[in-house]
Each structure stands twice: as structure tokens, then as C-alpha cells.
1. Could you give the radius of gyration (one decimal) and Dmax (whole number) of the Cα atoms in segment 225-479, in Å?
2. Using a Förster distance of 30 Å, how high is the FRET efficiency between Glu472 and Asp290, based on the Cβ-Cβ distance and rounded to 0.05?
3. Search the structure for amide H atoms under 5 Å from the amide H of Leu375, placed 1.01 Å from N in the peptide plane, and list their residues when 5 or more places away or on another chain.
4. Would you mind putting 53-60, 404-411 in packing order, based on average other-beta-carbon counts within 10 Å, highest first?
5. For the peptides 272-281, 471-480, what is the packing order when you average, over each peptide's residues, the other Cβ atoms within 10 Å and list the highest mean first?
6. Ranked highest first by average number of other Cβ atoms within 10 Å, how do 204-210, 127-133, 392-398 line up?
7. At a Förster distance of 51 Å, what's the computed FRET efficiency of Leu198 paired with Arg225, Cβ-Cβ distance as r, to 0.05?
8. Can you list, by residue number, the Cys in the chain that have no neighbouring cysteine C-beta under 4.7 Å?
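A short reminder: the numbers here are calculations on the coordinates, not readings from a lab. As the structure is a prediction and not an experimental result, all values here were calculated from the model. Positions of Cβ are generated from backbone atoms using ideal geometry, with glycine treated the same way; all protein chains shown enter the neighbour counts.
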Amino acid sequence: MPLLNTLTHWLRAPGWPGHVLALLAGALSTLALSPFDLWPLGLVSIALLYQGLQLPGPAQSALRGWFWGMGLFASGVSWVYISIHVHGYASPVLAGLLTGGFVAGLALVIALMAWIWARWLRPAQAPWLACLGFAALWVLQEVFRGWFLTGFPWLYHGYTHTDTWLVGWAPVGGVWLLSFLSVLTACLLAEPRLWKRLWPAGSAAVLLLAMWLGGKALTLPEWTRPAGPPLSVALIQADIPQSRKWDPAHIDHTLSLYRDLSVAQGPVDLIVWPETAVPVLQSQAIAFTDGMAARLAAQGTTLITGIPVDDYESGELQIYNGIMVAGEADQQYLKHKLVPFGEYVPLQDLLRGLIAFFDLPMSSFSRGPAVQAPLEAAGYRLAPFICYEAVYPHFAARLAARSELLITISNDSWFGRSIGPLQHLQMARMRAIESGRWMIRGTNNGVTALIDFRGRITERIPQFEQAVLRGEIHPRTGLTPYLRWRAWPLGLVVLTCLVACMIVRRRSERPSRG
């Protein structure tokens with residue numbers, strides 16, 4: 001008991017002991033996500049942060065939030081080190097410094113949130129409003145992080161509930177609604193002022209039951225309906241090493257491998273190759289892709305592949321990361337959400353040539369249009385997402401609403417045997433749940449999978465193996481509430497909660513500065 005009292009004092013009071021506890025608390029959120037899936041630790045993590053921001057002034061709160069963010073991002077996106085060191089040829093020290101700078105920068109978003117909470121919003125005498133306001137501010141932080149400087153929408157708290165009862169709310173309000181409900185749950189459980197008297201305690205218990213049992217009930221209805229007969233698919237996982245992917249001496253072997261693995265499948269409706277499976281510019285590979293399309297079409301199969309698309313119409317060469325229906329010149333999609341440094345280099349006039357990491361192969365992609373049509377194949381519309389794009393909730397919903405199927409192609413070999421690809425898979429599952437649609441997920445070395453409209457993986461093949469996944473997908477039509485309304489209803493709730501916090505805060509005594 002004395003130890004618990006000491007820890008509680010450290011957590012709530014300003015100072016370094018509380019900051020260290022916040023650092024450890026942030027790391028707990030990573031354990032709540034895939035591949036660990038210890039979701040209760042996510043609630044503990046948020047509860048500790050909420051309690052740790054009860055008393056400190058704005059400056060101390062910002063520092064505490066930064067430490068919590070360091071714990072989350074240092075543990076959750078440490079796989080960035082692999083891409084910088086192994087594939088970017090940076091020394092361990094330089095790769096560590098670059099990764100550390102990236103993590104520290106992300107943690108500043110949590111620091112900003114904590115500062116705003118302590119400076120403008122924290123209603124000291126209104127525990128109910130404090131819980132709602134903190135959950136609302138959390139959602140605002142996640143939305144901001146997914147937008148600022150092209151965004152990094154990774155490690156959203158709502159993903160910790162991909163397999164809990166709360167997931168029933170995902171088709172209603174998306175992953176951000178799950179974040180709101182989960183953070184609200186943690187704050188309610190961690191707010192001692194609500195549990196000291198019968199009436200507030202009973203009200204809190206009823207609200208918690210409504211959120212969780214309501215989520216369970218919402219897993220029962222089918223928000224979408226079948227759009228036609230199932231399609232047979234074959235996803236080619238060639239497991240091409242990243243070090244050889246763009247090697248001119250290896251290109252013929254790569255193309256022959258994809259050709260032989262595809263022809264061996266026999267008649268299926270769709271064959272899918274992963275991101276930049278064809279490591280040659282589209283204008284130079286057209287004979288190969290058209291030939292493959294014709295050969296497969298003779299047995300009733302449509303080929304969809306990732307390929308770099310070159311365009312000279314603007315008067316200078318533009319190269320896009322693309323996905324195309326082979327043999328159909330107008331059926332292609334150009335990636336819009338590019339990965340910084342992997343696909344384009346910010347401030348490239350200053351950074352190019354400094355170190356090898358800023359000169360990675362194919363790191364000069366142009367950005368595709370923000371609004372593009374779905375692909376059409378085998379009689380259905382497919383919403384295409386290339387790698388990183390599948391982690392943007394609002395962006396993905398726009399295309400999903402106009403399609404009967406989702407397809408995402410990726411090359412997660414940049415991140416080796418880290419937790420990154422498994423986190424990526426969890427986010428792809430959430431896109432299927434939000435939209436009520438099946439997803440085809442084709443990758444170079446895993447995780448290659450078929451995901452049903454409830455986010456369940458129906459077929460999957462091992463990572464880091466040359467293999468072919470065969471299975472069926474079921475096109476679906478209709479709009480979930482999230483596809484129809486997106487996050488606007490939740491946005492009104494968030495705005496209302498934050499304005500209420502500001503009003504109550506202004507009416508209370510002037511907050512201490514610190």
C-alpha cells in the first residue's frame with residue numbers, strides 16, 4: 001500500500017518520477033496493438049496518462065505528454081530503424097539518430113495535446129466533463145497527426161479494439177470513434193471522483209455497459225449485402241529481396257517468376273501481384289504486361305499488378321507508384337499518399353546526396369491525383385490502396401464507398417521481421433470493418449491475406465516465403481453509417497465536448513502556470 005501511494009503521488013505530481021512513469025505507460029499502448037494484442041494494457045496506458053495530467057501546469061504537462069509519446073512511438077515504430085539502416089545503408093549510429101529524431105518529433109504531438117489540456121481545457125471540478133473532454137481532445141490529436149505534414153496515422157488507439165466488443169462501433173464511426181470510446185472508458189475507470197458516491201458511480205457503470213454492450217450488439221447486423229457471386233483469386237507472394245528488387249541484373253528473373261507462378265494457377269477470376277511487382281517503367285514493360293494479360297484472359301483470368309507508371313504529358317518525366325488492370329490502358333490508379341523518404345524526399349534539393357538514405361531507389365515518385373476512380377475488374381469495382389494509403393481512414397472511406405471490394409498491395413520488406421507489417425495488417429482489417437467490404441491484401445513477402453467484411457482473416461500465407469494464396473472473395477454493396485457520414489457526427493461530439501471544457505474552465509479559478 002505505501003508503494004502504491006508513492007507511485008500515485010509520483011504519477012500525479014510534477015517532476016521526473018512522473019515523467020518516467022509516463023514513458024513506461026506509453027510503451028504499454030504498443031503492447032495493446034498487434035502483434036501482441038494485449039488490449040487491456042491500452043486502457044491502463046491511457047488511464048495513467050490521464051491521471052498524470054491532473055495536477056501539473058502546462059509546461060510540466062507538455063513534458064509529461066512528450067515522455068508518454070516517446071514511450072509509444074519508440075516502442076511502436078522502432079521498425080523505421082530497419083529501413084534506414086538495412087535498406088538505407090546508414091550506419092547504426094546515424095540510423096539510430098534519425099529514428100530517434102523521428103520518434104521525438106511524433107511525441108511532440110502528444111506534448112502539444114497535453115499542453116492544450118492543462119492550459120485551456122482541464123475542468124478541475126467537473127469529472128464527467130473532464131473524461132469526455134480528454135477523449136475528445138485525444139481524437140483531435142489523432143486526426144491532426146494523420147494530416148500534419150502529409151500525416152502519420154499509425155498507432156491510433158482505436159486499433160487496440162479490432163477484436164473486442166467495441167469494434168461493433170467501427171462501421172458506425174470508424175477507428176476514431178473506437179479511440180473516443182476507448183479513451184473515455186479508460187478515463188471513467190481512472191476517475192476516482194466518480195466512484196466515491198452511489199449516483200455518479202452508477203451512472204458511470206451504466207455508460208460503460210452501454211458502450212461495450214452496445215458495441216457487442218452492433219456486431220450482429222450486416223450493414224452491407226452481397227453484390228453478386230464470389231470471385232476466385234490467387235495472390236502471388238514472390239518474396240523478392242529488397243536488395244535485389246531494383247537490380248537490373250535481377251529483373252528478368254523477377255518477371256519470369258511472376259509469370260510462372262501465375263500461369264501455374266490455372267483458371268481463377270483474379271490474379272494479384274503486389275506493389276511494384278513489375279520493377280520496370282510501364283512504358284518499357286507494356287509488351288510483357290499486355291502479353292501476360294492476354295495469356296491469362298484466355299483462361300478467364302484478370303491480372304492486377306503494381307507497376308511504376310511513367311508520364312511525359314506535362315513536358316517532363318513524372319513517375320508514379322501505380323496499380324493497373326493489365327491489358328486495360330484506362331484501368332490504373334496512381335498512389336496519392338506517398339511515404340516520405342521512401343517514395344519522395346522532402347527538401348530534396350538540400351538532402352539529396354548527403355547520405356545514401358536520401359537516394360534510395362525509386363524515391364522520386366510523383367503524387368497521384370487526390371480523386372480517382374476505382375478499378376474495374378471481373379465485373380466489379382475495386383477500391384485500390386497502395387501500401388501506406390490503407391492506414392488513412394477518411395481517405396480510404398471515400399474510395400470504398402464507390403466500390404464493391406477493397407484491394408491493397410504492399411511491399412513491407414522494408415521493415416524486415418519487425419512488428420511493422422503486422423501492425424499494417426491490423427489497420428487493413430479495420431478498413432474492411434469500417435466499410436463492410438472484403439479486402440484483397442497482396443504483398444511481396446507478407447502479410448498476404450484475404451479479409452472478410454467483418455475484418456476476419458479467411459486465408460493467409462506465411463511471411464518471408466515464396467507462396468501463392470488461393471481463396472474466394474465476396475463482393476458487397478451498400479453503405480455503412482461510416483461510409484455515408486464519415487467522421488462528421490463524431491466531429492460534432494468532439495467539438496461540443498471541447499467547447500464545454502473551455503467554458504467551464506473559464507468560469508473556474510485561473511489555472512496555475514508551470
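1. According to the Cα coordinates of segment 225-479, Rg and Dmax are 17.2, 54 Å.
2. On the way: r = 28 Å, r/R0 = 0.92.
Working from the Cβ atoms, E equals 0.60.
3. Leu382
4. Details: 53-60: 19.2, 404-411: 26.9.
Most protected by this proxy first, the peptides run 404-411, 53-60.
5. Details: 272-281: 23.2, 471-480: 19.6.
In descending order of packing, they fall as 272-281, 471-480.
6. Working: 204-210: 13.1, 127-133: 22.0, 392-398: 20.0.
Listed from highest to lowest mean packing, they are 127-133, 392-398, 204-210.
7. On the way: r = 46 Å, r/R0 = 0.90.
Efficiency at R0 = 51 Å is approximately 0.65.
8. Lone cysteines by the Cβ rule: Cys387, Cys497, Cys501.
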